[in-house]
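Worksheet: one structure, shown below.
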Amino acid sequence: MRRTPRRRLLAATLFVASVLIPVTAAPAVTVQTTTVRAVTADRHEGSEGSEGSEADPRPAGGLGPELTARLDKAIEDTRRQAAIPGVVVGLWMPGKGSYVRATGVADTVTREPMTVDPFVRIGSETKTFTVTALLQLVDDHRIRLDDPISRYVHGVPDGHRITLRQLAEMRSGLFPYTSDADFTQALLSDPERFFTPHEVLAYGFRHANTFAPGARFEYSNTNLVLLGLVIEKVTGHRLADVIDRRVLRPAGLHATLFPYGTEFPEPHPHGYTDQTLSGAVADATDWNPSWAWAAGAMISNLHDLRRWADVVATGKLLSPQTQAQRLKTLPTGFPGTTYGLGIFETNGWIGHNGSIPGYETVTVYLPSEKATLVIMINTDSTVDGQEPSTLVARAVTAVATPDHVYDGAVVTP
């Protein structure tokens, strides 16, 4: 059954599969300012794939007319059935070719068409960046994954027993702050409000922990907000600056940023959500993502997400030993989906999805075929309890990689 907007809220539902799992996104750090470096967008006219340069997200070599036609139909059918305004899909399969398409509209009022070059809010894909920064500190011997969170952040319920590893694995038992009714009311009453990490954590900490540390899996943005604070504590720098310097620049991601507030580079599509107090659809383009901070505030584009899929899944910024720990996924309780350190695996695909009011993304990598899939859409309104980005990912992979369909089984608890 579909969750009501007020209960489903706050982005970050982990839908690696068929149905949804509440996720919590994280808020803006104890920072008073976040440096947003100059971002350059790779601009390309038109909405269909074509030959391009290294910076172009549309490399030469299609998948052939028959497969391309099947993908076109699958995506358009899904977009219409799920009432998704606009969809961008990039699929790269070495040795077979590539597919990059945009369909639908970027603005439901002006009917401006969706193109392949916009910036979008990436929601919970932010977790992969935060955890990468954390694991780099492990490689630097500045922290250990089995350190208790109480060593770095005071006031965490049962914090002396909860480890950094359990936070990254979503096995801490800490209550998801986005499930707090007062938080939902506060956010939806004033979606342009700025939240600090400690403000959002307070909503979660007033609830009892949901289970003993390590006992089971529960997706919670509370975990990632705490890991963001650990990174700040250890480095002495703002999380946004650490991610920029240690993750984005080494990975060559020049169109990815961690905003301080509502800033949003152009071009970007309008984003639409039904996560409102009334349940009516609203334009969430300029909503403040600070509440999602280390768990869901970042912005990127197709070109950078394509590059990031390979970097994060193959561990290019980490030691082999640390990457191996990251990829040691554990059962989530939902068939077909396992979760590691800020990363999931579903039927062979490794990566993460993202959902925040107005936008959803999927960025995954299939090691067996060295294939990359990136999906960006401008709505997060669920369809019969399923995230629209999951429906698109399932439709694409059912056609392109039928032995590896993006379709785990994640359901609401």
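The values are calculated or read from the model by the stated rules, or taken from the named source; none is laboratory data. None of the values given here were measured: they were computed from a predicted structure. All Cβ positions, glycine included, derive from the backbone under ideal geometry; neighbour counts span all protein chains shown.
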* To do: Return yes or no: is residue 135 assigned to a helix (DSSP H, G or I) and closer than 25 Å to residue 262 by Cα?
  => no
* To do: Residue by residue through segment 363-413, note down the ones that are assigned to a loop (DSSP other than H, G, I, E, B), surrounded by fewer than 24 Cβ atoms within 10 Å (Cβ to Cβ) and either at pLDDT 95 or above or aromatic (Phe, Trp, Tyr) (or both).
  => 367, 368, 369, 370, 381, 401, 402, 403, 404, 405
* Positions within segment 62-76 being farther than 19 Å from residue 393 by Cβ and outside any helix (DSSP H, G or I), in sequence order -> 62, 64
* Test: residue 222 is assigned to a helix (DSSP H, G or I), surrounded by fewer than 24 Cβ atoms within 10 Å (Cβ to Cβ) and under 23 Å from the mean Cα position of the chain (by Cα) -> no
* To do: Please list, ordered by first then second residue, the pairs with beta carbon atoms under 8 Å, 6 or more apart or interchain, first in segment 149-163 and crowded, with 16+ Cβ neighbours inside 10 Å, second at pLDDT 95 or above and among the charged types (D, E, K, R).
  => 152/233; 153/233; 163/146; 163/147
* To do: Answer yes or no as to whether residue 141 is in a loop (DSSP other than H, G, I, E, B), of a type outside the set (D, E, K, R), free of Cβ contacts under 8 Å to residues at least 12 places away in the same chain and under 30 Å from residue 234 (Cα atoms).
  => yes
* To do: Within segment 243-264, identify whether any single residue is among the aromatic types (Phe, Trp, Tyr), at pLDDT 95 or above and closer than 18 Å to residue 189 by Cα, and answer yes or no.
  => no
* Structure fact -> Log entry, pairs with first residue in segment 95-107 being more than 15 Å from residue 379 (Cα to Cα), second being of a type in the set (Val, Ile, Thr), beta carbons closer than 6 Å, six or more apart or on different chains, reads 100/116; 101/89
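What number of residues within segment 286-339 satisfy the criterion of being of a type in the set (S, T, N, Q) and surrounded by fewer than 24 Cβ atoms within 10 Å (Cβ to Cβ)?
The number of residues fulfilling the criteria is 9.
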* Asked: Which residues, counting only those in segment 68-106, are out of contact with any His (no Cβ under 8 Å at 6 or more places or on another chain) and within 12 Å of residue 116 (Cα to Cα)?
  -> 86, 87, 88, 89, 90, 99, 100, 101, 102, 103, 104, 105
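Okay, residues lined up against (1) basic (Lys, Arg); (2) farther than 25 Å from residue 219 by Cβ; (3) modelled with pLDDT of 95 or more:
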position: 94; (1), (2), (3): no, yes, yes
position: 101; (1), (2), (3): yes, yes, yes
position: 118; (1), (2), (3): no, yes, yes
position: 123; (1), (2), (3): no, no, yes
position: 133; (1), (2), (3): no, no, yes
position: 138; (1), (2), (3): no, no, yes
position: 145; (1), (2), (3): no, no, yes
position: 150; (1), (2), (3): no, no, yes
